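Undergrad: Sharing a structure, written as structure tokens. Questions coming.
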Amino acid sequence: MCSFLCQAQILPVEEQAVVLNTKEGDIKGKLLLPDEGKVWPVVLLIAGSGPTDMDGNSAVGNMKNNSLKFLAEGLAKNGIASLRFDKRGIASSAAAGKEEVKLRFEDYVNDVIGWIDYLAKDRRFTGITVVGHSEGSLIGMLACKDRPKVKGFVSLAGAGRPAYELIEIQVAAQKLPEAMLKEVASINESLKGGKEVTDVPVYLQSLFRASVQPYLISWYKYNPQTIIAALKVSVLIVQGKTDIQVSVEDAELLKKACPAARFLLIDRMNHVLKDCDVTDQQQQLAVYTNPSLPVNTILISSVSSFIKKPK
């Protein structure tokens, strides 16, 4: 594992810039502290997949929604500090990126462990809760292991199935020919066994190009149900009912694997944690790209209550 050093720089308003130094480069984040008090519980927020930054905004399709930024601000109003960060290779942490062929799922997990250890050394924080959004849920689960200062974990729109299953479900939803679906399943079967595939058809290169296969192999090893079942901290599973990316079924699978977890389904909340009455893709897109809409209020109050409740 990489060795980590952290440093902080005061910024205007109530945020501090924080930097996690890794051998590949700096991973940058922001620490948001409540207005009142000198000690607080603290949340580590982990963004989802792809080029999603610390605020929850994605470079793909200019999807600026500020979901994680607003969640952090809502928690601060409830007396809870938070740290959110740009993943390695993304936005302000671009310098810490690795060549695609060298990137592994564990890189993201180790970065979160680095942040947990940083927060654990700060006496202002009375306990750490890890909150993983979407793909960040699995990353967060893995990082919580053997970290005694972590008191709780929140899966926020987290998948309940291994990545290869999700990929096959997404491909099937595109109504592709049966032969193509079988090819995807065959490639996945090889990758699940740790064996790269050299003869990927041209039409599947974007999904299974040679440079991304080592990452997929590293990702496919983990079943969220197995990981969440092994957690020894308090767990809250949160899922929006109008989420078109992660289903209620995924949340139910996680709950079945971890019966002691608290379970919350939120009416009208979509994948970017905002209110949306419908699952129509175009109307959802309007929410994904609107940075002024607030995040769901039940989400903020429920996560706040979970964090403050004695573990």
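The values are calculated or read from the model by the stated rules, or taken from the named source; none is laboratory data. Note that the structure is a prediction, hence the values are computed from the model and not measured. Neighbour counts are summed over all protein chains in view; Cβ atoms, including those assigned to glycine, are modelled from backbone coordinates with ideal geometry. All accessible areas refer to the heavy atoms of the entire protein, side chains included, with ligands and DNA or RNA removed. Shrake-Rupley method; radii C 1.70, N 1.55, O 1.52, S 1.80 Å.
Undergrad: With semi-axes √(5λ) of the Cα gyration tensor in Å as the read-out, I listed (i) 51, 18, 14; (ii) 44, 26, 14; (iii) 31, 23, 19; which label goes with the value calculated from this structure?
TA: Structure-derived value, by its label: (iii).
Undergrad: Then there is this: In nm, what is the difference between 0.36 nm times the number of residues separating LYS309 and LEU204 and their Cα-Cα distance?
TA: 33.0 nm
Undergrad: What number do you get for the range 150-216 when its Cα radius of gyration is normalised by 2.2 N^0.38 Å, N = residues?
TA: 1.31
Undergrad: On to the next question. For q = 0.11, 0.16 Å⁻¹, what log10 I(q)/I(0) does the range 65-218 give under the Debye formula with an equal point scatterer on each alpha carbon and no solvent?
TA: -0.56, -1.01
Undergrad: Let me ask you something else. Subtract the Cα-Cα distance of ASP277 and ASP117 from 0.36 nm times their separation in residues, and report this length gain in nm to one decimal.
TA: Using 0.36 nm per residue and subtracting the Cα-Cα distance, I get 53.6 nm.
Undergrad: Over the Cα atoms of the range 194-311, Rg to Rh with Kirkwood Rh, two decimal places?
TA: Over the Cα atoms of the range 194-311, Rg/Rh equals 1.07.
Undergrad: For a paramagnetic label modelled at 7 Å from the Cα of ALA179 toward its Cβ, which residues of the range 201-238 fall within the zone defined by backbone nitrogen distances under 17 Å?
TA: Taking a point 7 Å out along Cα→Cβ of ALA179, the residues of the range 201-238 whose backbone N falls under 17 Å are 201-205.
Undergrad: Rounded to the nearest angstrom and ordered from largest down, what semi-axes does the equivalent ellipsoid of the range 17-150 get from its C-alpha gyration tensor (root of 5λ)?
TA: Whole-Å semi-axes of the equivalent ellipsoid: 23, 17, 13.
Undergrad: Probe radius 1.4 Å, ligands and nucleic acids ignored: give me the carbon and sulfur share of the accessible area of the chain as a rounded percent.
TA: 54 percent
Undergrad: Return the inverse of the average 1/r over all pairs of distinct C-alpha atoms in the range 38-94, which is the Kirkwood hydrodynamic radius, in Å to one decimal.
TA: Computed over the range 38-94, the radius equals 11.8 Å.
Undergrad: Given a 1.4 angstrom probe, what's the average accessible area per residue across the range 138-183, in square angstrom?
TA: 48 Å²
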